[in-house]
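Here is the structure we will look at.
The values are calculated or read from the model by the stated rules, or taken from the named source; none is laboratory data. Source: prediction; values computed, not measured. Neighbour counts are summed over all protein chains in view; Cβ atoms, including those assigned to glycine, are modelled from backbone coordinates with ideal geometry. Quick note on the areas: whole protein, heavy atoms, side chains included, nothing else; ligands and nucleic acids left out. Shrake-Rupley method; radii C 1.70, N 1.55, O 1.52, S 1.80 Å.
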Amino acid sequence: MHTKRDFLSIADWSGDDLRQILDISRRVKEYPANFVQALQGRSVAMIFEKQSLRTHVTFDVGIHQLGAHAVYLTQGDISLGKRESVRDTGKNLERWVDAAVVRTYAHQTCVELAAAMSIPVVNALTDLEHPCQAVGDFLTVREHLGSYDGKLMVFMGDGNNVCHSLMLMAAKLGMNFTACTPRGYEPDMSVFKASAGAAEESGARIEILHNPKEAVRHADIVYTDVWTSMGQEAEQEARHDAFREFQVNEKLMSHARSHARFMHCLPAHRGEEVTDGVMDSANSVVFDQAENRLHTEKAILVSLLQGD
Ligand code: CP
Ligand code: NVA
């Protein structure tokens, strides 16, 4: 019997699996016409508890470009976990659609849906991880740096969902990674340990530091994200104070290697975690990242659904 596979956490996928998705992504990007019938006649449910621009549009357009149909469901439509149980929602959906793309607050909700359904589930961001972002970003890194080996990505700011998926991805693919955070805002220790374990195999170095200037000294990539993620709005003021010294500005970038690229998953809060000068600089690749979400998400869906 065919067993379905989910894409919930980078931790669940091997370095070889991830390299294969990146290979397919490059083919999807270079030869999109070869994939127009890849998922002909399939349907994909997109369940979003939180807001989205990039993930919503890239999955919707990508699914269409693969010959499939997307159904977008917000909390206003289905009240996931309130109108009926998460499990019952899944048990209905699996009778109609071939895959689900899911953005939730609690990571456990995404896991629960995946457990309830016999169809593949893709994590489109939870409070714990943002694996689709990491795959798109590592395609972008490869395009700009040529390789991962011996290169350093420094993630500046909050040890959040995006940081977690990037750290795991770097560890699996053999890229050095530093999370530079204020004390008390480090990445989740279980994710750090999983990353450190994967890094032992790949030879990557994974570190947590607290001094921005020292952290970026050998950086090939300086990455940041918002200080207050969706769902943390009540902490906004305290976070603003805690993160002030971790802003990525022209001065901080001047301490990184001269070719260092600036990355951000977006949306950006200009003037907070990043200045206009850095966002709009020649070394900023933020819109390449946004574009690559499209190609890599198509590759993820093709990997999960082809061969059914
Ligand atoms: N980077 C990202 O996932 O953006 P959205 O929240 O707009 O989807
Ligand atoms: N860390 C951010 C990422 C948004 C794409 C959030 O979860 O809101």
Could you list all residues from segment 264-304 that are touching a strand residue (DSSP E or B) at 6+ places or on another chain (Cβ under 6 Å) and within 20 Å of PHE35 (Cβ to Cβ)? ILE300
Can ALA11 be described as small (Gly, Ala, Ser), closer than 25 Å to SER202 by Cβ and touching a residue at least 40 places away in the same chain (Cβ under 8 Å)? yes
Number of the exception - GLY76 against (1) in contact (Cβ under 8 Å) with a residue 12 or more places away in the chain; (2) surrounded by fewer than 18 Cβ atoms within 10 Å (Cβ to Cβ): (1)
Mind listing whichever residues of segment 176-193 are part of a loop (DSSP other than H, G, I, E, B) and over 18 Å from SER9 (Cα atoms)? THR181, PRO182, ARG183, GLY184, TYR185, GLU186
Assess whether LYS151 counts as being away from ligand 1 (no atom under 16 Å from the Cβ), farther than 24 Å from ARG103 by Cα, open to solvent by 10 Å² or more (accessible area, probe 1.4 Å) and among the charged types (D, E, K, R). yes
Return the residues of segment 170-186 that are touching a Ser or Thr at 6+ places or on another chain (Cβ under 9 Å) and surrounded by fewer than 22 Cβ atoms within 10 Å (Cβ to Cβ); say none if nothing qualifies. GLY174
Whether any residue in segment 157-170 is more than 13 Å from ligand 1 (Cβ to nearest atom), within 24 Å of SER14 (Cα to Cα) and outside any helix (DSSP H, G or I) is what I want to check. yes
From ARG239, ARG257, which residue is surrounded by 13 or more Cβ atoms within 10 Å (Cβ to Cβ), charged (D, E, K, R), within 15 Å of ligand 2 (Cβ to nearest atom) and modelled with pLDDT of 95 or more? ARG239
I'd like the residue in segment 91-139 that is more than 16 Å from ligand 2 (Cβ to nearest atom) and basic (Lys, Arg) and, out of all such residues, is surrounded by the most Cβ atoms within 10 Å (Cβ to Cβ). LYS91
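Keeping to segment 1-57, report how many residues are aliphatic (A, V, I, L, M), closer than 17 Å to CYS132 by Cα and open to solvent by 30 Å² or more (accessible area, probe 1.4 Å).
3
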Filter segment 195-209 down to the residues that are open to solvent by 50 Å² or more (accessible area, probe 1.4 Å) and touching a residue at least 24 places away in the same chain (Cβ under 8 Å), then identify the one that is nearest to GLU129 (Cα to Cα). GLU207
So HIS164 ticks every box in (1) surrounded by fewer than 24 Cβ atoms within 10 Å (Cβ to Cβ); (2) within 16 Å of ligand 2 (Cβ to nearest atom) but one. Which box is left unticked? (1)
